[in-house]
Amino acid sequence: MAKRALVTGGAGLIGSHIADLFVREGWEVRVLDNLEPQTHRRGKPRWINERAEFVQGDMRDRDTLAAALDKIDIVFHEAAYGGYMPEIAKYVHVNSLGTAQMLEIIRERNLPIKKIVAASSQAVYSEGAGECPQHGVVFPPVRPVEQLRKGDWQVHCPICGVITKSVATPEHAPVGGETVYGLTKVDQEKLVLLWGKQIGIPTVALRYSCTYGPRQSMFNPYTGVIAIFCTRLLNNLPPVLYEDGEQTRDFSFVEDIARANLLAADSDKLDGQAVNVGSGCGTPIREIAEIISAALKIEIASVARGEFRPGEMRHLTSDTTKMNAIGYKPQVDLAEGIQRYIDWIKAQSDVRDYFSEAENILKSKGIIHRVEVMNA
Ligand SMILES: NC(=O)c1ccc[n+]([C@@H]2O[C@H](COP(=O)([O-])OP(=O)(O)OC[C@H]3O[C@@H](n4cnc5c(N)ncnc54)[C@H](O)[C@@H]3O)[C@@H](O)[C@H]2O)c1
Ligand SMILES: [Zn+2]
(Lines give C-alpha, C1' and ligand atoms only; values in the text may rest on other atoms or scores of the structure.)
(Ligands and ions follow the chains in the order given, each with its own letter.)
Protein backbone atom coordinates (compact mmCIF):
# COMPACT_ATOMS: atom_id res chain seq x y z
CA MET A 1 0.00 0.00 0.00
CA ALA A 2 1.07 3.55 -0.74
CA LYS A 3 2.64 5.32 2.19
CA ARG A 4 3.48 8.88 1.18
CA ALA A 5 0.64 11.34 0.69
CA LEU A 6 0.51 14.90 -0.57
CA VAL A 7 -2.48 16.86 0.71
CA THR A 8 -2.94 20.05 -1.32
CA GLY A 9 -4.93 22.62 0.65
CA GLY A 10 -3.89 20.72 3.76
CA ALA A 11 -4.10 23.76 6.06
CA GLY A 12 -7.82 24.10 5.33
CA LEU A 13 -10.89 22.50 6.84
CA ILE A 14 -10.98 19.22 4.95
CA GLY A 15 -7.31 18.92 4.03
CA SER A 16 -6.11 19.33 7.62
CA HIS A 17 -8.42 16.57 8.82
CA ILE A 18 -7.26 14.31 5.97
CA ALA A 19 -3.65 15.03 6.98
CA ASP A 20 -4.40 14.14 10.62
CA LEU A 21 -6.13 10.91 9.67
CA PHE A 22 -3.30 9.72 7.40
CA VAL A 23 -0.63 10.63 9.95
CA ARG A 24 -2.57 8.51 12.47
CA GLU A 25 -2.70 5.71 9.92
CA GLY A 26 1.10 5.75 9.77
CA TRP A 27 1.57 7.55 6.45
CA GLU A 28 4.19 10.15 5.65
CA VAL A 29 2.20 13.27 4.88
CA ARG A 30 3.22 16.45 3.06
CA VAL A 31 0.93 19.47 3.06
CA LEU A 32 0.98 22.06 0.29
CA ASP A 33 -0.98 25.22 1.04
CA ASN A 34 -0.52 28.89 0.17
CA LEU A 35 -2.43 30.00 3.29
CA GLU A 36 -4.95 31.94 1.21
CA PRO A 37 -5.49 35.19 3.17
CA GLN A 38 -9.27 35.11 2.82
CA THR A 39 -9.33 31.82 4.73
CA HIS A 40 -6.31 32.29 6.99
CA ARG A 41 -6.45 35.96 8.00
CA ARG A 42 -4.16 35.36 10.96
CA GLY A 43 -1.49 33.38 9.14
CA LYS A 44 -0.43 29.77 9.57
CA PRO A 45 -2.99 27.91 11.66
CA ARG A 46 -1.90 26.03 14.78
CA TRP A 47 -3.66 22.85 13.72
CA ILE A 48 -1.31 21.85 10.89
CA ASN A 49 -0.13 18.43 12.01
CA GLU A 50 3.35 18.60 13.51
CA ARG A 51 4.22 15.22 12.07
CA ALA A 52 3.40 16.37 8.55
CA GLU A 53 5.85 18.25 6.35
CA PHE A 54 4.42 21.70 5.63
CA VAL A 55 5.21 23.44 2.35
CA GLN A 56 3.85 26.92 1.95
CA GLY A 57 3.29 27.35 -1.75
CA ASP A 58 0.78 28.01 -4.45
CA MET A 59 -0.95 25.57 -6.82
CA ARG A 60 -0.34 28.18 -9.50
CA ASP A 61 3.41 27.91 -9.17
CA ARG A 62 4.96 25.16 -11.31
CA ASP A 63 8.22 24.74 -9.44
CA THR A 64 6.51 24.60 -6.05
CA LEU A 65 4.12 21.98 -7.36
CA ALA A 66 6.87 19.88 -8.86
CA ALA A 67 8.80 19.92 -5.57
CA ALA A 68 5.66 19.08 -3.57
CA LEU A 69 4.92 16.08 -5.81
CA ASP A 70 8.39 14.60 -5.42
CA LYS A 71 8.41 11.06 -3.92
CA ILE A 72 4.65 11.01 -3.42
CA ASP A 73 2.48 7.92 -3.86
CA ILE A 74 -0.97 9.43 -3.56
CA VAL A 75 -2.38 12.94 -3.91
CA PHE A 76 -5.41 14.23 -2.04
CA HIS A 77 -6.21 17.36 -4.01
CA GLU A 78 -8.15 19.69 -1.73
CA ALA A 79 -6.68 23.11 -2.59
CA ALA A 80 -9.27 25.33 -4.20
CA TYR A 81 -10.61 28.82 -4.14
CA GLY A 82 -14.21 28.53 -3.02
CA GLY A 83 -17.44 30.40 -2.46
CA TYR A 84 -19.31 33.20 -4.20
CA MET A 85 -16.60 35.77 -4.70
CA PRO A 86 -16.66 37.96 -7.78
CA GLU A 87 -13.16 36.99 -8.97
CA ILE A 88 -13.80 34.94 -12.09
CA ALA A 89 -10.19 34.61 -13.28
CA LYS A 90 -8.88 33.58 -9.86
CA TYR A 91 -11.25 30.60 -9.64
CA VAL A 92 -10.19 29.43 -13.06
CA HIS A 93 -6.55 30.05 -12.36
CA VAL A 94 -6.36 28.27 -8.99
CA ASN A 95 -8.91 25.51 -9.51
CA SER A 96 -8.88 24.65 -13.21
CA LEU A 97 -5.38 25.70 -14.25
CA GLY A 98 -3.79 24.63 -10.94
CA THR A 99 -5.20 21.13 -11.40
CA ALA A 100 -4.22 20.99 -15.07
CA GLN A 101 -0.70 22.04 -14.20
CA MET A 102 -0.39 19.36 -11.51
CA LEU A 103 -1.43 16.67 -13.99
CA GLU A 104 0.96 17.99 -16.60
CA ILE A 105 3.90 17.87 -14.18
CA ILE A 106 3.08 14.29 -13.18
CA ARG A 107 3.08 13.23 -16.82
CA GLU A 108 6.08 15.26 -17.93
CA ARG A 109 8.26 13.96 -15.13
CA ASN A 110 6.79 10.49 -15.22
CA LEU A 111 6.21 10.68 -11.48
CA PRO A 112 5.29 7.33 -9.89
CA ILE A 113 1.97 8.62 -8.44
CA LYS A 114 -0.28 5.64 -7.73
CA LYS A 115 -3.55 7.46 -7.19
CA ILE A 116 -5.23 10.88 -7.11
CA VAL A 117 -8.31 11.52 -5.00
CA ALA A 118 -9.67 14.95 -5.92
CA ALA A 119 -12.16 17.09 -4.04
CA SER A 120 -15.16 17.80 -6.20
CA SER A 121 -18.44 19.20 -4.96
CA GLN A 122 -22.19 18.94 -5.08
CA ALA A 123 -21.86 22.37 -6.75
CA VAL A 124 -21.34 20.51 -10.04
CA TYR A 125 -25.10 19.84 -10.22
CA SER A 126 -27.58 22.40 -11.55
CA GLU A 127 -30.55 21.68 -9.31
CA GLY A 128 -30.99 18.62 -7.16
CA ALA A 129 -33.18 15.81 -8.52
CA GLY A 130 -36.93 16.26 -8.16
CA GLU A 131 -39.93 13.99 -8.27
CA CYS A 132 -42.97 14.84 -10.38
CA PRO A 133 -46.22 12.92 -9.72
CA GLN A 134 -46.61 12.40 -13.47
CA HIS A 135 -43.03 12.15 -14.76
CA GLY A 136 -41.21 10.48 -11.91
CA VAL A 137 -37.63 11.50 -11.10
CA VAL A 138 -36.60 14.51 -13.17
CA PHE A 139 -33.45 16.62 -13.36
CA PRO A 140 -34.65 20.21 -13.62
CA PRO A 141 -32.32 22.85 -15.05
CA VAL A 142 -31.25 25.79 -12.92
CA ARG A 143 -34.16 28.05 -11.98
CA PRO A 144 -34.27 31.08 -14.31
CA VAL A 145 -33.43 34.47 -12.75
CA GLU A 146 -36.76 35.84 -14.03
CA GLN A 147 -38.59 33.19 -11.96
CA LEU A 148 -36.57 34.00 -8.84
CA ARG A 149 -37.15 37.73 -9.29
CA LYS A 150 -40.85 37.01 -8.88
CA GLY A 151 -40.18 35.27 -5.58
CA ASP A 152 -41.00 31.82 -6.97
CA TRP A 153 -38.33 29.68 -5.31
CA GLN A 154 -39.76 26.30 -6.27
CA VAL A 155 -38.25 23.80 -8.64
CA HIS A 156 -40.67 22.94 -11.41
CA CYS A 157 -40.87 19.79 -13.49
CA PRO A 158 -39.13 20.55 -16.82
CA ILE A 159 -41.85 18.62 -18.69
CA CYS A 160 -45.15 19.72 -17.12
CA GLY A 161 -44.19 22.57 -14.81
CA VAL A 162 -45.62 21.25 -11.53
CA ILE A 163 -43.64 21.80 -8.36
CA THR A 164 -41.33 18.85 -7.77
CA LYS A 165 -40.47 17.17 -4.49
CA SER A 166 -36.77 17.04 -3.69
CA VAL A 167 -35.24 13.56 -3.84
CA ALA A 168 -31.66 12.34 -3.50
CA THR A 169 -29.46 13.26 -6.46
CA PRO A 170 -27.49 10.41 -8.04
CA GLU A 171 -24.14 10.86 -9.77
CA HIS A 172 -25.65 10.43 -13.23
CA ALA A 173 -27.63 13.66 -12.84
CA PRO A 174 -26.57 16.27 -15.42
CA VAL A 175 -23.44 18.14 -14.43
CA GLY A 176 -23.08 21.77 -15.36
CA GLY A 177 -21.88 24.09 -12.68
CA GLU A 178 -24.10 27.16 -12.43
CA THR A 179 -21.62 29.38 -10.59
CA VAL A 180 -18.04 30.14 -11.57
CA TYR A 181 -16.88 28.06 -8.61
CA GLY A 182 -19.17 25.18 -9.67
CA LEU A 183 -17.86 25.40 -13.21
CA THR A 184 -14.27 25.06 -12.01
CA LYS A 185 -15.21 22.05 -9.84
CA VAL A 186 -16.60 20.42 -13.02
CA ASP A 187 -13.30 21.25 -14.72
CA GLN A 188 -11.29 19.76 -11.88
CA GLU A 189 -13.16 16.49 -11.75
CA LYS A 190 -13.29 16.07 -15.52
CA LEU A 191 -9.60 16.89 -15.92
CA VAL A 192 -8.55 14.45 -13.20
CA LEU A 193 -10.82 11.58 -14.30
CA LEU A 194 -10.19 11.93 -18.01
CA TRP A 195 -6.45 12.38 -17.64
CA GLY A 196 -6.26 9.45 -15.19
CA LYS A 197 -7.85 7.15 -17.78
CA GLN A 198 -5.48 8.34 -20.52
CA ILE A 199 -2.37 7.99 -18.44
CA GLY A 200 -3.38 4.87 -16.51
CA ILE A 201 -3.33 6.37 -13.02
CA PRO A 202 -6.37 5.54 -10.86
CA THR A 203 -8.30 8.70 -9.99
CA VAL A 204 -11.46 9.38 -8.01
CA ALA A 205 -13.43 12.63 -7.68
CA LEU A 206 -15.39 12.90 -4.46
CA ARG A 207 -18.39 15.20 -4.72
CA TYR A 208 -18.59 16.40 -1.13
CA SER A 209 -21.81 17.77 0.30
CA CYS A 210 -21.70 20.93 2.51
CA THR A 211 -18.87 20.17 4.87
CA TYR A 212 -18.39 21.79 8.26
CA GLY A 213 -16.60 21.29 11.55
CA PRO A 214 -13.78 22.62 13.71
CA ARG A 215 -11.19 24.64 11.72
CA GLN A 216 -13.73 25.90 9.20
CA SER A 217 -12.54 29.42 8.57
CA MET A 218 -14.30 31.95 10.77
CA PHE A 219 -12.88 34.69 8.54
CA ASN A 220 -14.35 33.74 5.19
CA PRO A 221 -17.78 35.33 4.80
CA TYR A 222 -18.28 33.86 1.33
CA THR A 223 -18.56 30.21 2.14
CA GLY A 224 -19.63 27.86 4.97
CA VAL A 225 -23.13 28.61 6.17
CA ILE A 226 -22.62 27.08 9.64
CA ALA A 227 -19.47 29.14 10.26
CA ILE A 228 -21.16 32.29 8.97
CA PHE A 229 -24.28 31.84 11.13
CA CYS A 230 -22.12 31.18 14.21
CA THR A 231 -20.02 34.30 13.70
CA ARG A 232 -23.17 36.37 13.07
CA LEU A 233 -24.87 35.18 16.25
CA LEU A 234 -21.73 35.52 18.37
CA ASN A 235 -21.69 39.17 17.25
CA ASN A 236 -25.38 39.55 18.15
CA LEU A 237 -26.39 39.85 14.52
CA PRO A 238 -29.15 37.86 12.80
CA PRO A 239 -28.22 35.09 10.36
CA VAL A 240 -29.29 36.14 6.86
CA LEU A 241 -31.27 33.62 4.84
CA TYR A 242 -31.37 33.76 1.07
CA GLU A 243 -34.70 33.06 -0.66
CA ASP A 244 -37.16 32.04 2.08
CA GLY A 245 -34.72 29.91 4.09
CA GLU A 246 -36.57 26.70 3.24
CA GLN A 247 -33.94 25.52 0.76
CA THR A 248 -32.26 22.33 1.91
CA ARG A 249 -28.69 21.08 1.97
CA ASP A 250 -26.96 17.86 2.84
CA PHE A 251 -24.38 18.45 5.61
CA SER A 252 -21.31 16.36 6.34
CA PHE A 253 -19.08 16.56 9.37
CA VAL A 254 -15.47 17.04 8.32
CA GLU A 255 -14.11 13.91 10.02
CA ASP A 256 -16.58 11.81 8.04
CA ILE A 257 -15.34 13.42 4.82
CA ALA A 258 -11.74 12.62 5.81
CA ARG A 259 -12.76 8.97 6.35
CA ALA A 260 -14.37 8.94 2.90
CA ASN A 261 -10.95 9.87 1.48
CA LEU A 262 -9.34 6.98 3.31
CA LEU A 263 -11.94 4.56 1.95
CA ALA A 264 -11.52 5.92 -1.59
CA ALA A 265 -7.74 5.58 -1.30
CA ASP A 266 -7.91 2.01 -0.05
CA SER A 267 -10.44 0.69 -2.55
CA ASP A 268 -10.21 0.42 -6.32
CA LYS A 269 -13.99 0.16 -6.71
CA LEU A 270 -14.46 3.92 -7.25
CA ASP A 271 -11.53 4.41 -9.60
CA GLY A 272 -12.37 6.46 -12.66
CA GLN A 273 -15.58 7.78 -11.15
CA ALA A 274 -17.13 10.88 -9.61
CA VAL A 275 -18.83 9.83 -6.40
CA ASN A 276 -21.19 11.65 -4.01
CA VAL A 277 -20.21 11.88 -0.37
CA GLY A 278 -22.89 13.13 2.00
CA SER A 279 -25.33 12.23 4.73
CA GLY A 280 -28.27 11.50 2.44
CA CYS A 281 -30.43 13.89 4.54
CA GLY A 282 -31.62 17.35 3.57
CA THR A 283 -31.93 20.07 6.23
CA PRO A 284 -33.57 23.46 5.62
CA ILE A 285 -31.15 26.37 6.07
CA ARG A 286 -33.64 28.08 8.38
CA GLU A 287 -33.42 25.05 10.66
CA ILE A 288 -29.61 25.30 10.68
CA ALA A 289 -29.93 28.85 12.01
CA GLU A 290 -32.36 27.64 14.69
CA ILE A 291 -30.15 24.75 15.80
CA ILE A 292 -27.15 27.08 16.11
CA SER A 293 -29.09 29.79 17.93
CA ALA A 294 -30.44 27.20 20.43
CA ALA A 295 -27.01 25.63 20.95
CA LEU A 296 -25.39 29.04 21.50
CA LYS A 297 -28.32 30.20 23.67
CA ILE A 298 -28.40 33.42 21.64
CA GLU A 299 -31.99 34.05 20.70
CA ILE A 300 -31.80 36.14 17.57
CA ALA A 301 -34.16 35.14 14.78
CA SER A 302 -32.78 34.76 11.28
CA VAL A 303 -33.98 37.16 8.60
CA ALA A 304 -35.09 36.52 5.02
CA ARG A 305 -35.16 39.71 2.98
CA GLY A 306 -36.16 38.41 -0.41
CA GLU A 307 -32.56 38.13 -1.55
CA PHE A 308 -31.19 35.36 -3.69
CA ARG A 309 -28.06 34.31 -5.53
CA PRO A 310 -28.71 33.24 -9.13
CA GLY A 311 -27.27 29.83 -9.91
CA GLU A 312 -27.70 28.58 -6.37
CA MET A 313 -29.67 25.37 -6.20
CA ARG A 314 -32.86 25.05 -4.19
CA HIS A 315 -32.43 21.58 -2.75
CA LEU A 316 -29.58 19.15 -2.79
CA THR A 317 -29.44 15.84 -1.02
CA SER A 318 -26.78 13.40 -2.12
CA ASP A 319 -27.59 9.86 -3.16
CA THR A 320 -24.69 8.09 -1.48
CA THR A 321 -25.38 4.52 -2.64
CA LYS A 322 -22.01 4.22 -4.40
CA MET A 323 -19.99 5.57 -1.49
CA ASN A 324 -21.92 3.45 1.02
CA ALA A 325 -21.14 0.35 -1.03
CA ILE A 326 -17.46 0.64 -0.06
CA GLY A 327 -18.34 0.93 3.63
CA TYR A 328 -19.01 4.65 4.06
CA LYS A 329 -21.31 5.54 6.93
CA PRO A 330 -21.30 9.03 8.47
CA GLN A 331 -20.59 8.81 12.18
CA VAL A 332 -21.32 12.35 13.40
CA ASP A 333 -24.87 13.67 13.10
CA LEU A 334 -25.81 17.31 12.64
CA ALA A 335 -26.61 18.07 16.30
CA GLU A 336 -23.32 16.64 17.53
CA GLY A 337 -21.33 18.14 14.68
CA ILE A 338 -22.73 21.65 15.20
CA GLN A 339 -22.03 21.38 18.92
CA ARG A 340 -18.44 20.42 18.15
CA TYR A 341 -18.07 23.41 15.85
CA ILE A 342 -19.51 25.70 18.51
CA ASP A 343 -17.16 24.32 21.18
CA TRP A 344 -14.30 25.03 18.81
CA ILE A 345 -15.32 28.54 17.75
CA LYS A 346 -16.00 29.56 21.35
CA ALA A 347 -12.40 28.68 22.16
CA GLN A 348 -11.14 31.06 19.43
CA SER A 349 -10.34 34.65 20.26
CA ASP A 350 -11.91 37.68 18.69
CA VAL A 351 -14.69 36.16 16.57
CA ARG A 352 -15.76 38.94 14.22
CA ASP A 353 -18.48 39.45 11.65
CA TYR A 354 -17.10 39.79 8.13
CA PHE A 355 -20.43 39.03 6.50
CA SER A 356 -21.90 42.54 6.49
CA GLU A 357 -18.97 43.92 4.52
CA ALA A 358 -18.98 40.93 2.15
CA GLU A 359 -22.71 41.33 1.59
CA ASN A 360 -22.23 44.89 0.39
CA ILE A 361 -19.50 43.78 -1.99
CA LEU A 362 -21.67 40.98 -3.39
CA LYS A 363 -24.62 43.32 -3.84
CA SER A 364 -22.53 45.93 -5.60
CA LYS A 365 -21.08 43.25 -7.93
CA GLY A 366 -24.53 41.93 -8.80
CA ILE A 367 -24.08 38.53 -7.15
CA ILE A 368 -26.88 38.99 -4.62
CA HIS A 369 -30.23 39.91 -6.18
CA ARG A 370 -33.53 40.89 -4.63
CA VAL A 371 -37.09 39.91 -5.58
CA GLU A 372 -39.20 42.44 -7.40
CA VAL A 373 -42.48 41.32 -5.87
CA MET A 374 -42.41 39.62 -2.49
CA ASN A 375 -44.64 36.58 -2.20
CA ALA A 376 -47.55 37.06 0.17
N1 LIG B 1 -16.41 22.80 2.72
C2 LIG B 1 -17.33 22.42 1.85
O3 LIG B 1 -18.53 22.55 2.11
C4 LIG B 1 -16.96 21.78 0.54
C5 LIG B 1 -17.99 21.17 -0.19
C6 LIG B 1 -17.67 20.59 -1.41
C7 LIG B 1 -16.38 20.60 -1.88
N8 LIG B 1 -15.38 21.20 -1.16
C9 LIG B 1 -14.03 21.18 -1.71
O10 LIG B 1 -13.16 20.59 -0.76
C11 LIG B 1 -11.88 21.18 -0.86
C12 LIG B 1 -11.43 21.67 0.51
O13 LIG B 1 -12.36 22.64 0.96
P14 LIG B 1 -12.34 23.20 2.45
O15 LIG B 1 -13.74 23.32 2.87
O16 LIG B 1 -11.38 22.45 3.27
O17 LIG B 1 -11.83 24.69 2.15
P18 LIG B 1 -10.72 25.54 2.92
O19 LIG B 1 -10.79 26.90 2.32
O20 LIG B 1 -10.85 25.39 4.38
O21 LIG B 1 -9.37 24.83 2.45
C22 LIG B 1 -8.80 25.02 1.20
C23 LIG B 1 -7.32 25.25 1.42
O24 LIG B 1 -6.73 25.44 0.14
C25 LIG B 1 -5.77 26.45 0.27
N26 LIG B 1 -5.58 27.09 -1.03
C27 LIG B 1 -6.41 27.94 -1.68
N28 LIG B 1 -5.85 28.37 -2.81
C29 LIG B 1 -4.65 27.75 -2.91
C30 LIG B 1 -3.59 27.81 -3.84
N31 LIG B 1 -3.66 28.63 -4.91
N32 LIG B 1 -2.48 27.07 -3.61
C33 LIG B 1 -2.38 26.29 -2.51
N34 LIG B 1 -3.35 26.21 -1.59
C35 LIG B 1 -4.47 26.94 -1.77
C36 LIG B 1 -6.33 27.42 1.28
O37 LIG B 1 -5.31 28.21 1.90
C38 LIG B 1 -7.01 26.48 2.26
O39 LIG B 1 -6.18 26.16 3.34
C40 LIG B 1 -11.97 22.25 -1.91
O41 LIG B 1 -11.51 21.71 -3.13
C42 LIG B 1 -13.44 22.54 -2.00
O43 LIG B 1 -13.80 23.00 -3.28
C44 LIG B 1 -15.65 21.78 0.06
ZN1 LIG C 1 -43.95 16.56 -14.70
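The values are calculated or read from the model by the stated rules, or taken from the named source; none is laboratory data. Keep in mind it's a predicted model, so treat the numbers as computed, not measured. Note that we place each Cβ from the backbone using ideal geometry, even for glycine, and neighbour counts take in every protein chain shown.
Summary of values
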quantity	calculated
Residue count, the range 230-254 (criterion: assigned to a helix (DSSP H, G or I) and either in contact with a Phe, Trp or Tyr (Cβ under 9 Å, 6 or more places away or on another chain) or surrounded by fewer than 19 Cβ atoms within 10 Å (Cβ to Cβ) (or both))	4
Spans of strands (runs of 3 or more DSSP E) in the range 60-155 with at least 1 residues of a type in the set (D, E, K, R) and either crowded, with 23+ Cβ neighbours inside 10 Å or over 23 Å from the mean Cα position of the chain (by Cα) (or both)	130-132
Those residues of the range 276-292 which are over 30 Å from GLU189 (Cα atoms) and in contact with a helix residue (DSSP H, G or I) (Cβ under 6 Å, 6 or more places away or on another chain), in sequence order	ALA289, ILE291, ILE292
Among the residues listed as ILE326, ILE361, ILE345, ILE368, the single one being farther than 23 Å from GLN247 by Cα, over 19 Å from the mean Cα position of the chain (by Cα) and either loosely packed, with under 15 Cβ neighbours inside 10 Å or modelled with pLDDT under 90 (or both)	ILE361
Some residue of the range 250-262 being β-branched (Val, Ile, Thr) and more than 11 Å from ligand 1 (Cβ to nearest atom)	no
Hits in the range 175-210 - residues which are hydrophobic (A, V, I, L, M, F, W, C) and assigned to a helix (DSSP H, G or I)	VAL180, LEU183, VAL186, LEU191, VAL192, LEU193, LEU194, TRP195, ILE199
Condition broken by MET313, with the remaining ones in (1) in contact (Cβ under 8 Å) with a residue 40 or more places away in the chain; (2) at positive phi satisfied	(2)
Whichever residue in the range 209-229 is more than 10 Å from ligand 1 (Cβ to nearest atom) and over 12 Å from TYR354 (Cβ atoms) and, among such residues, is surrounded by the fewest Cβ atoms within 10 Å (Cβ to Cβ)	PRO214
The range 328-357 residues that are over 14 Å from SER293 (Cα atoms), paired with ones that are among the small types (Gly, Ala, Ser) (beta carbon under 6 Å, 6 or more apart)	TYR328/ALA260; PRO330/SER279
Some residue of the range 274-288 being closer than 21 Å to VAL155 by Cβ, modelled with pLDDT of 95 or more, in a helix (DSSP H, G or I) and not β-branched (Val, Ile, Thr)	yes
ARG42, sole failed condition from (1) at pLDDT 95 or above; (2) over 20 Å from the mean Cα position of the chain (by Cα); (3) more than 29 Å from ASP244 (Cβ to Cβ)	(1)
Residue ID - farthest from ligand 2 (Cβ to nearest atom), chosen from residues in the range 156-174 that are in contact (Cβ under 8 Å) with a residue 60 or more places away in the chain and not in a loop (DSSP other than H, G, I, E, B)	THR169
Residues of the range 303-361 satisfying the condition of being in a loop (DSSP other than H, G, I, E, B), of a type in the set (Val, Ile, Thr) and over 20 Å from GLN216 (Cβ atoms)	THR317, THR320, ILE326
Residue check, MET85 among the aliphatic types (A, V, I, L, M) and modelled with pLDDT under 95	yes
Residue in the range 53-66 that is without any contact (Cβ under 8 Å) to a residue 60 or more places away in the chain, near ligand 1 (Cβ under 9 Å from one of its atoms) and either touching an Asp or Glu at 6+ places or on another chain (Cβ under 7 Å) or of a type in the set (Ser, Thr, Tyr) (or both) present	yes
